[in-house]
């Protein structure tokens, strides 16, 4: 087989518009002095670490909610508490499915040179999964406080939980992202590569 017939290397990311645009990976590779493969591998490893952290919390919450249905006091829940429990269980189940989805996606596109698509999809799914997790945690707090302390403290506690989750998980990072604070100047990467090259 001639070299022209060989399949393209995985680093040959197609650069075009749309959801799976590989231009960002190419720019990052050029700025950091890496290959596109190295950038995608690093991005994927970072996403996997974040997914592990999020999924551990979802597992614990899901196990707790499933066990509640078999407790004696579960039969004493009123209509409001049952509705909140259902919301908690469903949002936790959906968060579980969404956070596991990148694993299935990876298996189905394995060795098809579509790692750029995997990184983009996993990134979007993690954001959606975290949003569902905020809802699950908030509704779970509402249920527990309503049973333990009453309706008013439950509303206050769950509202505070939702507010802290939205502020720390979304509002704060988005504000810093828009402000551009903490960005390392491009010339720093260039100088660093030059020093390493001379060494």
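The values are calculated or read from the model by the stated rules, or taken from the named source; none is laboratory data. What you see is a predicted model; the values in this text were computed from it and never measured. We place every Cβ from the backbone using ideal geometry, glycine too, and count neighbours over all the protein chains shown.
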Review point. Can you spot a residue in region 56-74 that is modelled with pLDDT under 75, in a helix (DSSP H, G or I) and over 23 Å from residue 131 (Cβ atoms)?
Key: no
Exercise for review: Could you tell me whether region 144-159 includes any residue that is over 19 Å from residue 40 (Cα atoms) and part of a loop (DSSP other than H, G, I, E, B)?
Suggested key: yes
Practice item. Tell me which residues, restricted to region 61-76, are touching a residue at least 24 places away in the same chain (Cβ under 8 Å) and within 25 Å of residue 96 (Cα to Cα). Key: 61, 62, 64, 65
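Being at pLDDT below 70 and out of contact with any strand residue (DSSP E or B) (no Cβ under 8 Å at 6 or more places or on another chain) is the requirement here; does residue 79 meet it? Break it down stepwise before answering.
Details: at pLDDT below 70: no; out of contact with any strand residue (DSSP E or B) (no Cβ under 8 Å at 6 or more places or on another chain): yes.
No, not satisfied.
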Review point. Does at least one position in region 59-76 carry a residue that is under 18 Å from the mean Cα position of the chain (by Cα) and exposed (fewer than 14 other Cβ atoms within 10 Å of the Cβ)?
Key: yes
Review point. Which of (1) over 12 Å from the mean Cα position of the chain (by Cα); (2) surrounded by 14 or more Cβ atoms within 10 Å (Cβ to Cβ); (3) at pLDDT below 90; (4) within 23 Å of residue 158 (Cβ to Cβ) is the odd one out, the single condition residue 105 does not satisfy?
Key: (4)
